1. Tally time: how many residues in region 71-92 are surrounded by 14 or more Cβ atoms within 10 Å (Cβ to Cβ) and in contact with a strand residue (DSSP E or B) (Cβ under 8 Å, 6 or more places away or on another chain)?
2. Would you confirm, using the coordinates I've provided, whether residue 38 is out of contact with any strand residue (DSSP E or B) (no Cβ under 6 Å at 6 or more places or on another chain) and crowded, with 16+ Cβ neighbours inside 10 Å?
3. Those residues that are in contact (Cβ under 8 Å) with a residue 40 or more places away in the chain and either part of a loop (DSSP other than H, G, I, E, B) or within 16 Å of residue 123 (Cβ to Cβ) (or both), I need them from region 89-99; list them, please.
4. Residues in region 113-130: is at least one farther than 15 Å from residue 50 by Cβ and either part of a helix (DSSP H, G or I) or more than 11 Å from the chain's Cα centre (by Cα) (or both)?
5. Within region 52-88, which residues are part of a strand (DSSP E or B) and closer than 15 Å to residue 126 by Cβ?
6. Please go through region 110-123 and give me each residue that is surrounded by fewer than 14 Cβ atoms within 10 Å (Cβ to Cβ) and touching a residue at least 12 places away in the same chain (Cβ under 8 Å), ordered by number.
């Protein structure tokens, strides 16, 4: 009986460590290439459309950048999507409730999911605009 109790404790500890490690990950660099022939305005439109699709709030727009904020319950993230007619990239500016550690470049895994979803939608929108 003691043997099974020890195995249970070891497996529980391993599971706990694995679940903690999963939640704290390196901040993913989400970026992409803009299809040839698109204007800056078209790139911005693709970014804004992606933001709306995934419930990001538009905080500000300036030439070559759109600042977005995601609010989910007690969590939030602010990103700056920088772009030109060749490339775009999502940059994490700040986060609340997501254990963002700027010095170690780590964040809760939820942020990376949000950023990947936003990036996939931006890519999809750019390809759609380019095909018109």
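1. Looking only at that region, the number is 14.
2. Yes; evaluated as a whole, the condition is true for this residue.
3. Selection gives 89, 90, 99.
4. Looking through region 113-130, none of the residues is farther than 15 Å from residue 50 by Cβ and either part of a helix (DSSP H, G or I) or more than 11 Å from the chain's Cα centre (by Cα) (or both).
5. Those that are part of a strand (DSSP E or B) and closer than 15 Å to residue 126 by Cβ: 66, 81, 82, 83, 87, 88.
6. 116
None of the figures in this text is laboratory data; all of them are computed from the coordinates on show. The structure displayed is predicted, hence computed values, not measured ones. Cβ sites come from the backbone with ideal geometry, for glycine too, and all protein chains shown count toward neighbours.
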